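Remarks on the structure that follows.
Any read-out appearing in this document is the output of simple, stated calculations on the displayed coordinates, not a laboratory observation. Bear in mind the structure is a predicted one, so any value in this text is a computation, not a measurement. Ideal geometry is used to build each Cβ from the backbone, glycine not excepted, and the neighbour counts take in all protein chains shown.
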Amino acid sequence: MARASGISLESIRRYERDGLIPAAKRGANGYRYFPPESLDALRLIRHCRHLGFSLERIRELLRLMHQEGAACEDIDRLVSRQRQEIERRIADLQALSDVLGAIDGACPGDGSVEECRTLRSLFDQP
């Protein structure tokens, strides 16, 4: 299952424990046997994690997927919220980059650490 899904065994166990995928049945040989739909769920989880979805949001997505009468707009709303969160993070990272850009090169780099304006600039920032 780990190889087929591209997810580590440790993560699969965590997802099973957290109820994101159905519990595996144990064979007499001690091996764990997952229902076939677990592989699809794991692939979905892997892709959503790659897109930055939290486990809580993935849980909601999986719940909607299996909910009788759930609407596509509910899924769209989740994806839209995720996109907004990513865009907010990008803006935050851009702001950090701007601050670092202002600090970068503040010192010619030929003095001692005690004289380093770059280091002093790091102390001056909020």
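Counting only Cβ charges, +1 for Lys and Arg and -1 for Asp and Glu, the dipole size of the stretch 1-71 around its Cα centre is about 300 debye. Per-residue extension of 0.36 nm, minus the Cα-Cα distance of V113 and R46, leaves a gain of 19.6 nm for this segment. Between A24 and any residue 5 or more places off or on another chain, the built amide H atoms are never under 5 Å apart. Each Cα pair of the chain feeds into the Kirkwood radius, which the Stokes-Einstein equation turns, at 10 °C and 1.306 mPa s, into a diffusion coefficient of 86 µm²/s.
Remark: relative contact order (the chain) = 14 percent; criterion is Cα-Cα distance under 8 angstrom and separation of 6 or more residues. With K and R counted +1 and D and E -1, the other residues having a Cβ less than 12 Å from that of R77 yield a net charge of -1.
In terms of the mean number of neighbouring beta-carbon atoms within 10 Å, the peptides 85-92, 3-10 order highest first as 3-10, 85-92.
Converting phi to 3J(HN,Hα) with the Karplus coefficients 6.51, -1.76 and 1.60 and the offset θ = phi - 60°, the stretch 93-100 yields 5, 5, 4, 5, 4, 4, 5, 5 Hz in sequence order, with x at every glycine or proline. Report, in whole Å, the centroid distance computed from the Cα atoms of the stretch 65-126 and the stretch 1-54. When both Cα centres are located, 31 Å separates them. Summarising the amide proton neighbourhood of C107: residues at separation of 5 or more, or on other chains, whose placed amide H is nearer than 5 Å comprise T118.
Computed from backbone phi, the HN-Hα couplings of the stretch 50-55 come to 4, 7, x, 5, 6, 5 Hz, rounded to whole numbers (Karplus: 6.51 cos²θ - 1.76 cosθ + 1.60, θ = phi - 60°; Gly and Pro given as x). For the stretch 2-70, the Kirkwood estimate of hydrodynamic radius, built from reciprocal distances between every pair of different alpha carbons, is 12.6 Å.
Taking a sphere under 10 Å around the Cβ of S54 and counting the other residues whose Cβ falls inside, with K and R at +1 and D and E at -1, yields a net charge of 0. Positive contributions from Lys and Arg (+1) and negative ones from Asp and Glu (-1), summed over other residues with Cβ under 10 Å from the Cβ of A24, come out at +3.
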